[in-house]
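Colleague: Mind looking over this structure? Questions follow.
The values are calculated or read from the model by the stated rules, or taken from the named source; none is laboratory data. Bear in mind the structure is a predicted one, so any value in this text is a computation, not a measurement. With ideal geometry, Cβ positions are generated from the backbone for all residues, glycine too; neighbour counts draw on all protein chains shown.
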Amino acid sequence: MNTYHVSVLLQEALDGLNVRAGKQYIDGTVGGGGHTGEILERGGRVLAIDFDEDALRFVGEKLKGEKNLLLARGNFKDIDNLARENGIDKAAGVLLDLGVSSHHFDEATRGFSVQRDGPLDMRMDQELSVKAGDLVNGLTRGELNQLFLSLGEERFAHRIADAIVRARQSGLIQTTTELVSIINRVVPRQQGGINPATKAFQALRIAVNDELNNIKEVLPKALSLLEPGGRLVVISFHSLEDRIIKNMFKEFEEEGLGKIITKKPIVPSDEEIEANSRSRSSKLRVFEKI
C-alpha cells in the first residue's frame, strides 16, 4: 500500500466532530488512516473500521503502539455490531468518509481506475462474489443502460450499453483498459474534462459494492451510537450519495433526533483541490444528536 495518502477535508472533518481528549470516536471508513491519526493526536480514542485488510494492515503499521486505537474488519453498515463487539456502547462522534481510498485507485489489480490496466474487479471487500466484469459481461443492454443512467448519471448510457453489447460478441471484456477503450469510442471527450469512462466506472463500483444501500443502512445506526451532543460527520463524493445524506439528516431533524449543523455542505477550498484533485467533488455534512 502506498504510504502517501491525503485525507479529504481533514481539518473540516475534525472541527465537525468537535474532537475532545478522552472521548470515543468511530471512523467507519479508515482508509489510509489520515482522519483517525488526527483524532488520536487530539487525544481521542478511535475504533477504526474497514472491510479492506490491506487498509487495516497499513493503518496498524502506521499507528503502531497507539493504545487508544482499536481496529476492526467489516462493512460500516454493520457499525452497531462492530461497536458492540469492541466494547463500545456510545461514541462522541462517528466519521464516514465515503470516498474510495487513493490506494484502491493506485492499485491497478483492484480495477477501480480508468487510467490503469487491471482486471474488471472493483470489489472493496475481496470476499464479495460479484465483480464489475460479471456485470459488464452478464447484464442485458437494457440493464446496462439503466445501471449507467441511475448510478452514473451518465447521459450517454444508451451509447455505452450498445457499445458493450457489440464488443461482447467478439469475446468477454476482461480489463479496465478494454472497457475504457470501448467507452471512449462512443462518448465525446470534453476539453480538459474527466475521462469519458469515469461515470460508467462509478456506476459499476456503486453496484458491485451496494454503496447506496449501505449508506441508507449505516446512518440511523451511527446516529443511535452517539451520546447526546455527539456528532455524525459524513463526506460524500457524488450527488447520489449527498442526496441520501441530506434527506436523511432532514428526516432525523424532523423526528426531533437532533439538529443539522451544516445548512449547506462544506466543500474543499481551491487550495485543497489544487493540492489533491480527488477532493474536487467532496461535500461534508454534520448532524448533532440531541
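Colleague: For the range 24-65, which positions are surrounded by fewer than 19 Cβ atoms within 10 Å (Cβ to Cβ) and either of a type in the set (Val, Ile, Thr) or part of a loop (DSSP other than H, G, I, E, B) (or both)?
Modeller: ARG42, GLY43, LEU63, LYS64, GLY65
Colleague: Any residue in the range 248-256 that is outside the structural domain of GLN115 (by TED's automatic domain parsing), at pLDDT 95 or above and under 22 Å from VAL8 (Cβ atoms)?
Modeller: yes
Colleague: Which residue pairs have Cβ atoms closer than 6 Å, lie 6 or more positions apart in sequence or on different chains, and pair a first residue in the range 28-47 that is assigned by TED's automatic domain parsing to the domain that holds LEU98 with a second residue that is of a type in the set (D, E, K, R) and outside any helix (DSSP H, G or I)?
Modeller: So the pair list comes out as THR29/ASP97; VAL30/ASP50; HIS35/ASP27; THR36/ASP27; LEU40/GLU66; GLY44/LYS23; VAL46/ASP27.
Colleague: Okay, next question. With GLY258, GLY229 as the choices, which residue is surrounded by fewer than 18 Cβ atoms within 10 Å (Cβ to Cβ), small (Gly, Ala, Ser) and farther than 30 Å from LEU149 by Cα?
Modeller: Being surrounded by fewer than 18 Cβ atoms within 10 Å (Cβ to Cβ), small (Gly, Ala, Ser) and farther than 30 Å from LEU149 by Cα holds for just one of GLY258, GLY229, which is GLY229.
Colleague: Oh, and also: Out of all the residues in the range 200-245, which are polar (S, T, N, Q), outside the structural domain of ILE183 (by TED's automatic domain parsing) and within 16 Å of ARG278 (Cα to Cα)?
Modeller: SER236, SER239
Colleague: Going by what's in this entry, would GLU274 be described as among the acidic types (Asp, Glu), exposed (fewer than 15 other Cβ atoms within 10 Å of the Cβ), at pLDDT below 95 and over 21 Å from LYS23 (Cβ atoms)?
Modeller: Criteria met by GLU274.
Colleague: Would you confirm, using the coordinates I've provided, whether ILE261 is in contact (Cβ under 8 Å) with a residue 60 or more places away in the chain, over 20 Å from the mean Cα position of the chain (by Cα) and closer than 22 Å to SER7 by Cα?
Modeller: When the stated conditions are applied, ILE261 passes them.
Colleague: Which residues, counting only those in the range 132-167, are charged (D, E, K, R), crowded, with 18+ Cβ neighbours inside 10 Å and under 16 Å from LEU120 (Cα atoms)?
Modeller: Within the range 132-167, none qualify.
Colleague: Exactly one of (1) more than 19 Å from HIS104 (Cβ to Cβ); (2) within 25 Å of the chain's Cα centre (by Cα); (3) not assigned by TED's automatic domain parsing to the domain that holds THR29 is unmet by ALA197. Its number?
Modeller: (1)
Colleague: Could you list, in sequence order, all residues of the range 82-103 that are in a helix (DSSP H, G or I) and touching a helix residue (DSSP H, G or I) at 6+ places or on another chain (Cβ under 9 Å)?
Modeller: Answer for the range 82-103, where residues must be in a helix (DSSP H, G or I) and touching a helix residue (DSSP H, G or I) at 6+ places or on another chain (Cβ under 9 Å): LEU82, ALA83, SER102, HIS103.
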